[in-house]
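The values are calculated or read from the model by the stated rules, or taken from the named source; none is laboratory data. What you are looking at is a predicted structure, and each value in this text was computed from that prediction instead of being measured. Note: ideal-geometry Cβ built from the backbone for every residue, glycine included; neighbour counts use all protein chains shown. For accessibility, only protein heavy atoms count, side chains too; no ligands or nucleic acids. Shrake-Rupley method; radii C 1.70, N 1.55, O 1.52, S 1.80 Å.
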Amino acid sequence: MYVVAGVTGKTGSVAAETLLAQGEPVRVIVREARQGESWRSKGAEVAVASLADARAVAQALKGARGAYLLVPPRYEAPDMLAAQRPLIDALAEAVRASAVPHVVLLSSVGAELSEGTGPVRTLHYAERTLGAASRNITFLRAGYFFENFAAVLPAVQGGVLPTFLTPDRVAPMVASADIGRVAAELLLEPATGTRVVELQSALAYSPERIAKELSERLGRPIATQHGPLEAVVPVLTGLGFNAGVAGLFREMTAALNDGRMAFHGGNVVRRFGTLRAVDVLAPLLEPTPAIS
């Protein structure tokens, strides 16, 4: 039995579906019973639990061969980093109490750094905390999600791809579906001790490459439109994010732009995604069919 959290999101749903497709027994964790109905129909067991409830999560993990865990964002919190720590502590308590033999934790490029990485600082804390609680753990450090560009796709119709990332700088990027697929693979290949896996697309991506792929797919020129770092906070707060969260994203953008958040190799396992940026983003540009 494998336990998968985050199945109402992108990576957890793919991880669970990948395991089920291979005939593996799966138990999904959902916050509300209604969220588990579709998974039960697919043959999965359903555990209803908040990830912040250590006792309930420990019960969900009982008897499992491995578990895929993640730390959901708390964008509404004035201090997002502080708000996520109790949940991480609860997950660690659940892992320790259940004695689940292997955990795959969704982490991020840059999680080895304790500061200067914005929201990824939470995952540095998660790696340390769950790493101390688990006998065998895999830190799945994923690149920058292609899906992060979805919010600016309306501008692509006008011929530009806005970005705060340096347009020609290559950075680790990946599709969320590839993260879920690789997470399932890693559950079936359990670690002994601590294992770090770096995951990015098989292709080297920059915003300019993404614009080029979209241009080729759409058949018209798409150019990157670079926004200055100073504009990150006012733009994000204008979109409804609080100042604390906007500041964290400014910090992360700076770290990606100056190369601090990057894969540096070493004693790690390298995995590569199969999806391209255009595979993820182009369908989001297609009009939704009218319902007659």
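Key figures for this structure:
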item	result
Charge context of residue 98, other residues only, Cβ under 11 angstrom, K/R +1, D/E -1	+2
Solvent exposure ordering (accessible area, 1.4 Å, most first) of 270, 195, 65	65, 270, 195
Low-density loop cleavage sites - GluC sites (Glu not before Pro) in region 72-113, where at most 13 other Cβ are within 10 Å (DSSP)	76
At least 15 Å along the helix axis (C-alpha) and Kyte average at least -0.5, DSSP helices within the chain	10-21, 80-98, 121-133, 176-187, 243-257
Equivalent ellipsoid semi-axes - Cα gyration tensor, region 161-214, angstrom	29, 12, 8
For region 192-291, alpha-carbon Rg and Dmax in angstrom	17.5, 53
Spin-label pair residue 40/residue 286, simplified geometry with 7 Å Cα→Cβ offset, distance in nm	3.3 nm
Gained length - residue 220 relative to residue 135, 0.36 nm times residue gap less alpha-carbon distance	25.3 nm
The chain, accessible area per residue, ligands and nucleic acids excluded (1.4 Å, Å²)	45 Å²
Hypothetical label at residue 268: residues of region 172-210 whose amide nitrogen lies under 16 Å (7 Å Cα-Cβ projection)	172-175, 179, 183, 194-205
Anchor residue 62: lysines whose Cα lies under 26 Å away (excluding residues fewer than 8 positions away in-chain)	10, 42
Under 5 Å, built H, 5+ apart or other chain: amide partners of residue 4	27, 28, 29, 68
For region 134-149, 3J(HN,Hα) per residue [Karplus equation, 6.51 cos²θ - 1.76 cosθ + 1.60, θ = phi - 60°, Hz, x = Gly/Pro]	10, 5, 9, 9, 10, 8, 8, 8, 8, x, 4, 5, 4, 4, 5, 7
If the convex hull is drawn through the Cα atoms of the chain, its volume per residue in Å³	144 Å³
Three principal axis lengths of region 83-140 [C-alpha, angstrom, descending]	33, 22, 14
Within region 136-156, backbone nitrogen closer than 14 Å to the virtual label 7 Å beyond the Cα of residue 113 toward Cβ	144
Amide H contacts under 5 Å for residue 144, placed H, 5+ residues apart	173, 174
Residues whose placed amide H lies under 5 Å from that of residue 273, excluding near-sequence neighbours	200, 201, 202
Antiparallel %, DSSP beta bridges [both residues in the chain], to 5	5 percent
Portion, in percent, of the accessible area of the chain that falls on carbon or sulfur, probe 1.4 Å	53 percent
